[in-house]
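This report concerns only the one structure given below.
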Amino acid sequence: MLFRSSAVIDPEQVTDSIRRELKLGEQPDRSSRYLVIDFLCAQSALLVFDNCEQVSAAVAALAQTLLDHCADVQIVATSLQPLGLPRERVYAVPPLSVAAGEGLSEAMQLFVDRAREVLPSFETTPDTLALIDSICRRVDGLPLAIELAAARVKVLSLAQIADRLEDALPLLTRGTP
């Protein structure tokens, strides 16, 4: 199950959002927390919490509870900061190469791949490749920043994304476009 934490800005809504994602109905005598725990503890599951920055404390608390009580639950979380769990393994993702030799750089290829996921008609031309290169360089080849920028092609032109990266943090930290 993939849970996009960036879509939730209120930490109190994390468990409710997961309950809805799991298509578990509400029960007046049981909290969402217990419904989620009971459901997940009864099966083998891999949970992916994506973009945990805004609700990291709530995700960490729920993750720890699930790991403590559910033998067959594994969790992967993406975040700019570790969740701080006792058995957490942290894998740093280094920047991608922005230097293009023959063809596209690693950073540009990731941008194009992610842009096509959100906008299948996304095409590259010499002009768009120059803008993509500029975007990737402005975010220093950071994969998460590239993914967030590429997700914006559904609602912004490449020129608009590049222009807005002058003040990158607000563009890339808003929820789902």
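The values are calculated or read from the model by the stated rules, or taken from the named source; none is laboratory data. Since the structure is predicted, the reported quantities are computational estimates derived from the model, not experimental observations. Every residue, glycine among them, receives a Cβ derived from its backbone with ideal geometry; neighbour counts consider all protein chains shown. Each accessible area value is taken on the protein alone, full model and side chains, heavy atoms only, with ligands, DNA and RNA left out. Shrake-Rupley method; radii C 1.70, N 1.55, O 1.52, S 1.80 Å.
Quick check on Leu46: is it touching a residue at least 60 places away in the same chain (Cβ under 8 Å), outside any helix (DSSP H, G or I) and within 18 Å of the chain's Cα centre (by Cα)? It is false that Leu46 is touching a residue at least 60 places away in the same chain (Cβ under 8 Å), outside any helix (DSSP H, G or I) and within 18 Å of the chain's Cα centre (by Cα). Looking only at residues that are surrounded by fewer than 15 Cβ atoms within 10 Å (Cβ to Cβ) and closer than 17 Å to Ser134 by Cα in the range 103-120, which one is modelled with the lowest pLDDT? My answer is Gly103.
One residue stands out in the range 64-95 among those that are under 19 Å from Leu35 (Cβ atoms) and β-branched (Val, Ile, Thr): the one that is most open to solvent (accessible area, probe 1.4 Å), namely Ile75. Does the range 121-135 include one or more residues that are touching a residue at least 60 places away in the same chain (Cβ under 8 Å) and either open to solvent by 80 Å² or more (accessible area, probe 1.4 Å) or not in a strand (DSSP E or B) (or both)? Checked the range 121-135: no residue is touching a residue at least 60 places away in the same chain (Cβ under 8 Å) and either open to solvent by 80 Å² or more (accessible area, probe 1.4 Å) or not in a strand (DSSP E or B) (or both).
Taken over the range 33-53, residues that are at pLDDT below 90 and surrounded by 18 or more Cβ atoms within 10 Å (Cβ to Cβ) amount to 4. No other residue among Leu144, Leu158 is open to solvent by 50 Å² or more (accessible area, probe 1.4 Å) and not hydroxyl-bearing (Ser, Thr, Tyr) apart from Leu144. Of the listed requirements (1) open to solvent by less than 40 Å² (accessible area, probe 1.4 Å); (2) farther than 14 Å from Leu142 by Cβ, Val98 misses just one: (2).
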